[in-house]
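Okay, so here's the structure we're looking at.
None of the figures in this text is laboratory data; all of them are computed from the coordinates on show. Note that the coordinates shown come from a computational prediction; the quantities given were computed from them, not determined experimentally. Cβ sites come from the backbone with ideal geometry, for glycine too, and all protein chains shown count toward neighbours.
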Amino acid sequence: MSDVAVVGGGIIGLSIAWRLVQRGADVTVLDGGDEGAWHVAAGMLAPGGESEHEDPALIGLMERSAALWPAYAKELEVDVGYDDTGTLSLALTADDLAERARMWTRQQLPLLRPTELRDLEPALSPRVRAGVFAPRETQVDPRKVVSALRERLGARIVAKRVEDLSDVDAPQVVVAAGCGTAALTGLPIRPVKGQVLRLRGEPGLLRHVLDAPEVYVVPRADGEVVVGATQEERTDRLVTAGGVHDLLRAALELVPGLADFELTETTVGHRPGTPDNAPLLGRLDDRVIVAAGHFRNGILLAPVTASLIAGLVLGETDPMPAGFSPRRF
Ligand code: GLY
């Protein structure tokens, strides 16, 4: 028996476990074996671009976590694809421009003309009407992060599918099981399906993460390009013709040169959404702590979640930041 059991071997559970180990705690991660949303996620660390409809408390948490990422990536001691080249947030149509203008004004980012955008990113389509450069919106490769965390935690990760928390033999239990948290705790977490594509081609076609209303395009240094994502209130795992068509059409409209890239992967994940789409972070009772419901921001929020929840387990982060109590619904 360990002092702390973390239920869930995704990026949130592993990050919490690792923080606890660093702080001297005796931890076991119970990994149900499913590939979590991290396996599909592009890894955009976008506190501005993902915050349009969010509450100020959540925006604050996202910004706090974004600021932690550079040091967090370094601590992992291997290349996890952390790249701070920045993001171009783009508009192709008048409707896009109207939608994005509010967000860009709030972020106080100066509007760039198409020629200025193509100076920064020559592969952009001439159809792009306007955009901004968001230097603080960065990226990381979630698969590399999870692999680094798994390596660090080693034998502390045990393959076990938990069906009921009474089967977990530990005095403190952290439930970080993504969408699976609902069945274990009764908390209102719903799966929100996302289809994501991976392309591969000559490295260097793109320099920045590109974020447009209908699609985002995330280039990795090795020539992989992640194209995402649909957002569907569905529980199935089907890759659909319509989903792939819409993503490819939008990506090629933005960057015509991607037409020559190989389509290497079509994947489906489920974001763990809550009624207000903010995470559930905190104590359920004397034994059980929850860290789930990160919706579109699980990768971004991993470092801050790990620090807060490790502190809570160790009796320090109490009270937690307001607005994320798992008992608020
Ligand atoms: N954060 C991107 C997504 O959820 O699709």
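The length gained on full extension between Asp286 and Thr317, counted as 0.36 nm times the residue separation minus their Cα-Cα distance, comes to 9.7 nm.
Starting from the Cα-Cα distance between Val244 and Ala94, subtract it from 0.36 nm times their residue separation and give me the gain in nm to one decimal. List each step's numbers first, then the result.
Values: separation 150, 0.36 × 150 = 54.00 nm, distance 2.46 nm.
Between Val244 and Ala94, full extension yields an extra 51.5 nm.
For the chain, the mean residue ellipticity at 222 nm estimated from helices alone is -9500 deg cm²/dmol, where every DSSP H run of n ≥ 4 contributes -39500 (n - 2.57) and the total is divided by all residues, rounded to the nearest 500. When the P(r) is computed for the stretch 1-137, the part past 17 Å accounts for 70% of the Cα-Cα pairs.
Compared with the dominant principal axis of the Cα atoms in the chain, helix 142-153 is inclined by about 30°. Full extension of the chain between Asp276 and Thr235 gives 12.9 nm of extra length, using 0.36 nm per residue less the Cα-Cα distance. Our summary of shape: the Cα atoms of the stretch 89-167 have principal axis extents of 57, 27, 22 Å, ordered from largest down, in whole angstrom. Bin by bin, in steps of 20 Å, what percent of the Cα pairs in the chain do you find, going until the bin that has the longest distance? Using 20 Å bins, I get a P(r) of 33, 56, 11, 0 for the chain.
In summary, the stretch 155-213 shows an alpha-carbon radius of gyration equal to 1.84 times the 2.2 N^0.38 Å reference for compact globular proteins. Helix 298-313 and the longest principal axis of the Cα set of the chain meet at an angle near 20°. Across the stretch 199-329, Cα-Cα pairs farther apart than 25 Å form 44% of the total. Each of Gly81, Gly36, Leu58 was scored by the projection of its Cα onto the charge dipole of the stretch 1-122, and the greatest displacement toward the positive side belongs to Leu58; charges sit on the C-beta of Lys, Arg, Asp and Glu.
Enclosing the Cα atoms of the stretch 220-271 in their convex hull gives a volume equal to 97 cubic angstrom per residue.
Less than 5 angstrom separates the built amide H of Ala130 from those of Ala91, all sequence-distant by 5 or more or on a different chain. Taking Cα atoms only, the orientation of helix 11-22 departs from the longest principal axis of the chain by about 50 degrees. Measuring nothing but alpha carbons in the stretch 266-316 and taking Rh as the Kirkwood radius, the Rg to Rh ratio lands at 1.04. Amide hydrogen proximity for Leu45: with H placed 1.01 Å from N in the peptide plane, the residues at 5 or more positions away or on another chain lying under 5 Å are Thr138, Gln139, Val140.
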